[in-house]
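Engineer: Let me begin by handing over the structure; questions about it come next.
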Amino acid sequence: MRVLGIESSCDETGVALYDSELGLLGHELYSQIDVHSEYGGVVPELASRDHVRKLIPLIDKLLKDCKSEQQVDAVAYTEGPGLVGALMVGACAGRALAYAWKVPAIGVHHMEGHLLAPLLEDNAPEFPFVALLVSGGHTQLVQVEAIGKYQLLGESLDDAAGEAFDKAAKMMDLDYPGGPHIARLAELGQAGRFKFPRPMCDRPGLDFSFSGLKTFTLNTVEANKQENGLPDDQCCADIAHAFQEAVVDTLVIKCRRALEACSYQRLVIAGGVSANSRLREKLEAALAKMGASVFYARPELCTDNGAMIAFAGYQRLAAGQQSDLSVQVKARWPMQELTPLEVQA
Ligand code: KG4
Ligand code: ZN
């Protein structure tokens, strides 16, 4: 089965073609970063309008490049959670294309897409596993028994990890999205100059909180600022380093705890922040000590993309699910509401 995947939940237009026999045939991504950068965050109305402009040309290019214009067996689109206007663009286009092509369509949960993306790689994890979902909108630890069998173990009580990266970056006048900028700057930072807190690690439980760390970062920036309102370059690098270490250590501690609580040996990390190389490195070292392994997707499949939607959609279609003709999108959608699905061979 050949599935066209469409992702449009936020500021990236992603499309991909997944073939159940041949794997990922191709994927295209258009990022709206330039549209939103002057506002320091995503402007929902501008996001919707840009998806309208870019989606169909992107699908055209994908199908031409994959020489698959006559051969799409189903369409998967992101149904939620996300920005309603942006979701509507992908959902309406996907539903309409499926109707015109007389093939089934399926609405996909964005976070299930992220969670399953590492299964697209050669080194795919087997079930069961613990998943750490770390994106711009979510920080969650999930016990995954099989596709669709999800139990929330813990989540952020305030900011998501990616959001914390974005806000810390903004404090130092770095562009949106801030995660990759902080990560690059952190490499130039001196270890040990600043010591940031590891929030909620001294008490039991699997929830997170990043707002205190955000305030700590702001206070450090303020205390070290020069006449131009910012700390000097080396100081910014040192702050970025201390911030990243604090976020990474906090995530590592909670992942180890979650694996122990479930008695599992496999951890999957997914979502934009899972592209962070320091997080991967520290998780690999910490998990090796407990005989566990960490799995993740290549960086371009960690951030929002169409491939994860095509793949997750395929899993549900192969199990006999499909969406009807009414187009529905959801701004909020707890992942535990998804219907369980036995793993397909
Ligand atoms: O999964 P994603 O593309 O979109 C959402 O579903 O939210 O995640 C975007 C988030 C942003 O907050 C971005 O700053 C963060 O992922 N991010 C990173 C890195 N690459 C992206 N954070 C830390 N290190 C990175 N290398
Ligand atoms: Zn995402």
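The values are calculated or read from the model by the stated rules, or taken from the named source; none is laboratory data. What you see is a predicted model; the values in this text were computed from it and never measured. Counting neighbours? That spans all protein chains shown, and the Cβs are built from the backbone with ideal geometry, glycine included. Calculation scope for accessible area: heavy atoms of the full protein, side chains included, ligands and nucleic acids excluded. Shrake-Rupley method; radii C 1.70, N 1.55, O 1.52, S 1.80 Å.
Engineer: Return the pair list, or none, for Cβ contacts closer than 6 Å from residues in the range 225-254 that are under 19 Å from residue 294 (Cα atoms) to residues that are outside any helix (DSSP H, G or I) and open to solvent by 40 Å² or more (accessible area, probe 1.4 Å), at least 6 apart or on different chains.
Structural biologist: Filtered contacts from the range 225-254: 249/198; 250/198.
Engineer: Just the residues that are hydrophobic (A, V, I, L, M, F, W, C), farther than 22 Å from residue 273 by Cβ and open to solvent by less than 20 Å² (accessible area, probe 1.4 Å), please, taken from the range 189-239.
Structural biologist: Scanning the range 189-239 gives a single hit, 235.
Engineer: For residues in the range 286-311 being of a type in the set (Gly, Ala, Ser) and away from ligand 1 (no atom under 15 Å from the Cβ), which is surrounded by the fewest Cβ atoms within 10 Å (Cβ to Cβ)?
Structural biologist: Per the stated criteria, the residue is 291.
Engineer: Return the residue satisfying two criteria in turn: it lies in the range 312-329 and is under 18 Å from residue 9 (Cβ atoms) and more than 16 Å from ligand 2 (Cβ to nearest atom), and of such residues it is most open to solvent (accessible area, probe 1.4 Å).
Structural biologist: 328
Engineer: Taking only the range 261-276 into account, find how many residues are within 14 Å of residue 288 (Cα to Cα), in contact (Cβ under 8 Å) with a residue 40 or more places away in the chain and open to solvent by 20 Å² or more (accessible area, probe 1.4 Å).
Structural biologist: Qualifying residue count for the region: 2.
Engineer: Which number in (1) more than 16 Å from ligand 2 (Cβ to nearest atom); (2) within 23 Å of residue 244 (Cα to Cα); (3) among the hydrophobic types (A, V, I, L, M, F, W, C) marks the one condition that residue 161 misses?
Structural biologist: With (1) more than 16 Å from ligand 2 (Cβ to nearest atom); (2) within 23 Å of residue 244 (Cα to Cα); (3) among the hydrophobic types (A, V, I, L, M, F, W, C) applied to residue 161, the lone miss is (1).
Engineer: Residues that are within 14 Å of residue 279 (Cβ to Cβ): which strands (runs of 3 or more DSSP E) entirely in the range 129-168 hold 1 or more of them?
Structural biologist: Values: elements: 129-134, 139-146, 149-155.
Strands (runs of 3 or more DSSP E) meeting the threshold: 129-134, 139-146.
Engineer: I'd like to know if the range 196-210 contains one or more residues that are on the phi > 0 side of the Ramachandran plot, out of contact with any helix residue (DSSP H, G or I) (no Cβ under 7 Å at 6 or more places or on another chain), polar (S, T, N, Q) and without any contact (Cβ under 8 Å) to a residue 60 or more places away in the chain.
Structural biologist: Checked the range 196-210: no residue is on the phi > 0 side of the Ramachandran plot, out of contact with any helix residue (DSSP H, G or I) (no Cβ under 7 Å at 6 or more places or on another chain), polar (S, T, N, Q) and without any contact (Cβ under 8 Å) to a residue 60 or more places away in the chain.
Engineer: Also, I was wondering about something else. For the range 125-144, which positions are within 10 Å of the chain's Cα centre (by Cα) and open to solvent by 40 Å² or more (accessible area, probe 1.4 Å)?
Structural biologist: 136, 137, 138
Engineer: Please tell me if residue 148 is under 30 Å from residue 239 (Cβ atoms) and either surrounded by fewer than 24 Cβ atoms within 10 Å (Cβ to Cβ) or not aromatic (Phe, Trp, Tyr) (or both). Spell out how you get there, then give the answer.
Structural biologist: On the way: under 30 Å from residue 239 (Cβ atoms): no; either surrounded by fewer than 24 Cβ atoms within 10 Å (Cβ to Cβ) or not aromatic (Phe, Trp, Tyr) (or both): yes.
Answer is no for this residue.
Engineer: Considering every residue within the range 115-124, establish whether at least one is closer than 30 Å to residue 96 by Cα, open to solvent by less than 10 Å² (accessible area, probe 1.4 Å) and within 10 Å of ligand 1 (Cβ to nearest atom).
Structural biologist: yes
Engineer: If I filter the range 156-172 down to residues being touching a strand residue (DSSP E or B) at 6+ places or on another chain (Cβ under 9 Å) and not charged (D, E, K, R), which single residue comes out as farthest from residue 271 (Cα to Cα)?
Structural biologist: Looking only at the range 156-172, we keep the residues that are touching a strand residue (DSSP E or B) at 6+ places or on another chain (Cβ under 9 Å), and these are 156-164.
Retained after the next criterion (residues that are not charged (D, E, K, R)): 156-157, 160-162, 164.
Details: 156: 14, 157: 18, 160: 11, 161: 10, 162: 9, 164: 14 Å.
The qualifying residue farthest from residue 271 (Cα to Cα) is 157.
Engineer: Only one of (1) closer than 18 Å to residue 133 by Cβ; (2) more than 16 Å from ligand 1 (Cβ to nearest atom); (3) aromatic (Phe, Trp, Tyr); (4) within 22 Å of the chain's Cα centre (by Cα) fails for residue 314. Which number is that?
Structural biologist: For residue 314, the exception is condition (1).
Engineer: From the list 186, 168, 242, exactly one residue is of a type in the set (A, V, I, L, M, F, W, C), at pLDDT 95 or above, touching an Asp or Glu at 6+ places or on another chain (Cβ under 9 Å) and open to solvent by less than 20 Å² (accessible area, probe 1.4 Å). Which is it? Even if it seems obvious, please write down each step before you answer.
Structural biologist: Working: 168 fails: touching an Asp or Glu at 6+ places or on another chain (Cβ under 9 Å); 242 fails: touching an Asp or Glu at 6+ places or on another chain (Cβ under 9 Å).
Just one listed residue meets the conditions, 186.
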